[in-house]
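Heads up: the structure comes next, in structure tokens.
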Amino acid sequence: MTAPTPGHGVAGVASSAEGDWFGGRAPALLVLADGEVFEGEAVGAVPPDGVATGELVFNTVLSGYQEVVTDPSYAGQVVAFTYPHIGNYGVTVLDDEAARPWCRGVVVRDLPPRPSSWRATGSFEDFLIRSELPGISGIDTRRLTRHLRVDGAMGCAFGTAPESVLRAAAAAERGTSGCDLVTGVSVSAPYVRGSGPLRIVAYDFGVKETMLRALGDMATVTVVPAAHGAADTLAMEPDGVFLSNGPGDPAALADHAAIIAELLGRVPVFGICLGHQLLASAIGARTYKLPFGHHGGNHPVRRLDTGQVEITSQNHNYAVDGATLPVSGAFAAEITHVNLNDGVVEGFRCTGVAAFSVQYHPEAGPGPHDARYLFERFRQMIDEVHV
């Protein structure tokens, strides 16, 4: 067989994984904001001018790479996978968490050229190309992860551009601190999902499809834009309000927290991930940025009322400062869940109004389902309020 000539496909994107298998990939570099350099090969789409940038984080999932890159919570970030083989079972539209990826790129150790799964409808690299998402493979992700664990998540640049260009781009990357990334990922107009008997309004801060499926089993869900006014939400006469996951710094979303504060005490509220941080902000607590965040599918969390340990799926760079949760007043709250790795607050509930939230992802997608009971807890809270 004659090897095809290495080159580019249509619309300025890289050749397919099959072509790369025979023809080789272009050399590329990953440069961190602190000057650290990693050598690899370009995969996926070719970024403009050969440079892709973002805040670099690592994710420890063993599978579920498609769900990770299509999770809107990764807007503004480049995802490095610690598992060495990414793409080995291909992709299927059934695993998409959003209509397209929102992260800025992927970093992997090895990208297998041919998927092997009865569910696969294509390869992961072809998915990257179609989605115009750049990547870099051949990276020593073990060394990279150890570096990020010591020095923290940071800006990066990668691609086929000269090292000097990548260094400048990495140094200029601002990351997610102080950024409102929700406006870019939220829906522009309301829509309805599910057919359950309850009526739930879901605030879309970057909501995942798996969350909507879980809510849709028990309710007719009206998904609304992130800045949907409290009065407009209450006019829908919902049985409950759901606050979704999403990207960026919760401290940059004061207007969204103010909307949530208007809802508290008037309708039951359940928040996940960014929704958890915004609920905390709404009752007067503060948030802070973690050194390298929690991104993976195996984080142990203790449920304080029972002592039970849940293995959880997590994806967040910011956390709630438990010491700032109010202990008295209309919005008094108590911590319900803690992370056993580092003690981070993983959940709290308000004691004076019907509201609770968790930092981790009970819907998983990907990850274990130990915490799926929280959706039933939301339904029970709604029932209790309406008795």
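The values are calculated or read from the model by the stated rules, or taken from the named source; none is laboratory data. All values derive from a computational prediction rather than experimental measurement. Note: ideal-geometry Cβ built from the backbone for every residue, glycine included; neighbour counts use all protein chains shown.
Annotations for the structure displayed:
- Restricting attention to the range 189-217, the residues that are part of a loop (DSSP other than H, G, I, E, B) and modelled with pLDDT of 95 or more add up to 6.
- Among (1) under 21 Å from Asp96 (Cβ atoms); (2) buried (at least 22 other Cβ atoms within 10 Å of the Cβ) - the single one Gly240 does not satisfy: (1)
- Cβ pairs under 6 Å, 6+ apart, first in the range 156-182 and on the phi > 0 side of the Ramachandran plot, second surrounded by 21 or more Cβ atoms within 10 Å (Cβ to Cβ): Gly159/Ala28; Gly159/Pro47; Gly159/Ala52; Gly175/Glu55; Gly175/Gly155; Gly178/Asp249
- Test: Ala161 is assigned to a loop (DSSP other than H, G, I, E, B), touching a helix residue (DSSP H, G or I) at 6+ places or on another chain (Cβ under 6 Å) and not assigned by TED's automatic domain parsing to the domain that holds Leu253: yes
- Scanning the range 342-382 for residues that are over 22 Å from Thr210 (Cα atoms) and touching a strand residue (DSSP E or B) at 6+ places or on another chain (Cβ under 9 Å) turns up Asp342, Val344, Val345, Phe348, Arg349, Cys350, Thr351, Gly352, Val353, Ala354.
- Positions within the range 104-135 being under 30 Å from Gly248 (Cα atoms) and in a loop (DSSP other than H, G, I, E, B), in sequence order: Arg104, Val108, Arg109, Leu111, Ser123, Ser131, Glu132, Leu133
- Qualifying residue in the range 331-342 (condition: surrounded by 15 or more Cβ atoms within 10 Å (Cβ to Cβ), of a type in the set (Phe, Trp, Tyr), at pLDDT 95 or above and out of contact with any Ser or Thr (no Cβ under 7 Å at 6 or more places or on another chain)): yes
- When residues in the range 323-349 are screened for being part of a loop (DSSP other than H, G, I, E, B), under 20 Å from His299 (Cβ atoms) and either outside the structural domain of Val301 (by TED's automatic domain parsing) or among the β-branched types (Val, Ile, Thr) (or both), 1 of them pass.
- Hits in the range 291-320 (condition: in contact (Cβ under 8 Å) with a residue 12 or more places away in the chain, hydroxyl-bearing (Ser, Thr, Tyr) and surrounded by fewer than 24 Cβ atoms within 10 Å (Cβ to Cβ)): Tyr318
- For Ala227: the one exception among (1) surrounded by 15 or more Cβ atoms within 10 Å (Cβ to Cβ); (2) in contact (Cβ under 8 Å) with a residue 24 or more places away in the chain: (1)
- Conditions (1) touching a Phe, Trp or Tyr at 6+ places or on another chain (Cβ under 8 Å); (2) in the same structural domain as Gly54 (by TED's automatic domain parsing); (3) within 21 Å of His294 (Cβ to Cβ): number failed by Gly206: (2)
- Summed over the range 132-151, residues that are within 22 Å of the chain's Cα centre (by Cα) and surrounded by 15 or more Cβ atoms within 10 Å (Cβ to Cβ) total 11.
- Residues that are closer than 26 Å to Pro48 by Cα, hydrophobic (A, V, I, L, M, F, W, C) and more than 16 Å from the chain's Cα centre (by Cα) within the range 63-106 comprise Ile86, Val91, listed in sequence order.
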